[in-house]
Amino acid sequence: MTRVPFLSLDELHERLRDEILSHFEVFYDSRSFILGKEVGRFEEAYARFSGTRHCIGVANGFDAVYLALEALDISEGDEVIVPSNTYVATWLAVSRTEATVVPVDPDPHTFNIDPAAIEEAVTPRTRAVLPVHMFGQACDMEAIAEVADRHGLFVVEDNAQAQGAECRGRPTGSFGSINATSFYPSKILGALGDAGAVTTDDGALAYHVRTMRNYGSGRKNFHEVIGVNSRMDEIQAGVLAIKLKHLSGWIEERRRTAGWYREELEGVEGLILPYTAPEVSHVYHLYVVRSRYRDELRQYLADHGVETMVHYPVPPHLQRAYRGLGFGTGSLPIAEELAETSLSLPFFVGMTREQVRIVAGWICEFFERGKAGNGEG
Ligand SMILES: *Cc1c(COP(=O)(O)O)cnc(C)c1O
């Protein structure tokens, strides 16, 4: 039995070994560890990549979302519309500002927030909408901007999962007034530890975040606002700058791998493959399929050496942390259905055609056997 891991960095790390390790030596000898040249250089490169005027490196993705919202002065009494099916960090960053999360259900085909549902959730207290480009597919930012403009709302993108994706040819992370991303190691662009960034065209917002991340200090020993410590490490910035140069090639590879899965799995009855809306592109942070037999399929694959994951088994509104909001089971039915039916298949840079064939083979066999079983029963 050939095992297939859910995520392997083996191949990617092997390819980068010399480049990163020789850079590590430069870093080690520089004796500069926090907010130095490397961070500045990466910020410039990532701003260019995102098509924004400014990028501010921060300590992680959570802080990036929180600081973006904080820069817009979002606070207690405000409401922020969020996807019901996102990773809980999106909600937690809103809660950190003491604003209220207002979840809305997604389009089940794209997993992305539904602009019509945003419109229905707007109240006089709504200040912002926080779309997440789920699993690597860009949201329809034009439709979202249209609703936001009509109601005078800020748009803040949580681009933790979709660096390099586009909506109508324009990169994610460039649509909102101010946007956030994460470089958690398993993300599309991953550091060797925690890191994140904020992107914006607005110089005043950029200055605010830049100040906030370093104890509210714009100038050494002078503290203009009550800031936090959310600085990006030099070593992470250096690694990210190297990886950023390779990112578009990796995205091509990810799309090719997604194509292989589609070739193998198209037409399997009982299995829903990822769908990409025509106006956007997908960078496949995750390859998420759906089936009402998800748990049985997952077990079957595990029994045959194929590791899978579920993103995410418990939606934020059903987490204990959010019981205070009073959402019961059934209150956000699409998020709940996705939580019960979604399965993330093995997917990573360096995955081989053969590995895809093995995973797909077991999936086909599962559904064939299921049919046979039904026939006999
Ligand atoms: C990973 C992630 C975050 C948080 O990023 P960290 O760097 O882990 O703090 C926020 N939002 C979404 C959608 C994510 O996937």
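In segment 201-225, the residue that is farthest from the chain's Cα centre (by Cα) out of those that are open to solvent by less than 100 Å² (accessible area, probe 1.4 Å) and among the polar types (S, T, N, Q) is 217. On the stretch given as segment 35-85, residues that are charged (D, E, K, R) and part of a helix (DSSP H, G or I) total 8. Residues in segment 303-320 that are part of a helix (DSSP H, G or I) and open to solvent by 30 Å² or more (accessible area, probe 1.4 Å): 303, 318, 320. For segment 60-81, the count of residues that are of a type outside the set (S, T, N, Q), within 16 Å of the ligand (Cβ to nearest atom) and farther than 19 Å from residue 197 by Cα is at least one. Inspection of segment 24-34 identifies no residue that is open to solvent by 30 Å² or more (accessible area, probe 1.4 Å), part of a helix (DSSP H, G or I), within 15 Å of the ligand (Cβ to nearest atom) and in contact with a Lys or Arg (Cβ under 9 Å, 6 or more places away or on another chain). Of the strands (runs of 3 or more DSSP E) lying entirely inside segment 99-205, those containing at least 2 residues that are small (Gly, Ala, Ser) and either within 16 Å of the ligand (Cβ to nearest atom) or more than 27 Å from residue 218 (Cβ to Cβ) (or both) are 179-182, 196-200.
The values are calculated or read from the model by the stated rules, or taken from the named source; none is laboratory data. Being a predicted model, the structure only gives us computed values, none of them experimental. Glycine gets a Cβ as well: all are built from the backbone with ideal geometry, and neighbour counts include every protein chain shown. For accessibility, only protein heavy atoms count, side chains too; no ligands or nucleic acids. Shrake-Rupley method; radii C 1.70, N 1.55, O 1.52, S 1.80 Å.
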